[in-house]
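Visitor: I'd like to ask you about the structure that follows.
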Amino acid sequence: MEKYVCLLCGYVYDPEVGEPDEGIEAGTAFENLPDDYKCPLCGASKSQFAKKD
């Protein structure tokens, strides 16, 4: 699974880890995150993320 990075603050969403504090289980692909997903650091919308190289 691909990692995604927030273009505003640099936070990296790692699907192997998920975001347990936000109720997102490990193994959840970025594409399967809810449409209203927000960056946990800066609050950017899901559309502000890009695949990490």
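The values are calculated or read from the model by the stated rules, or taken from the named source; none is laboratory data. In this text, all values refer to a predicted model and were calculated from it rather than measured experimentally. Positions of Cβ are generated from backbone atoms using ideal geometry, with glycine treated the same way; all protein chains shown enter the neighbour counts. Heavy atoms of the whole protein, side chains included, go into the accessibility calculation; ligands, DNA and RNA do not. Shrake-Rupley method; radii C 1.70, N 1.55, O 1.52, S 1.80 Å.
Yes/no per residue for (1) open to solvent by less than 60 Å² (accessible area, probe 1.4 Å); (2) in contact (Cβ under 8 Å) with a residue 24 or more places away in the chain; (3) part of a loop (DSSP other than H, G, I, E, B):
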site	(1), (2), (3)
MET1	no, yes, yes
LEU8	no, yes, yes
PRO15	yes, no, yes
ALA26	no, no, yes
ASP53	no, no, yes
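Visitor: Something else about it: Would you check which residues across the range 28-51 are touching a residue at least 24 places away in the same chain (Cβ under 8 Å), open to solvent by 100 Å² or more (accessible area, probe 1.4 Å) and either in a loop (DSSP other than H, G, I, E, B) or of a type in the set (Gly, Ala, Ser) (or both) and list them?
Guide: LEU41
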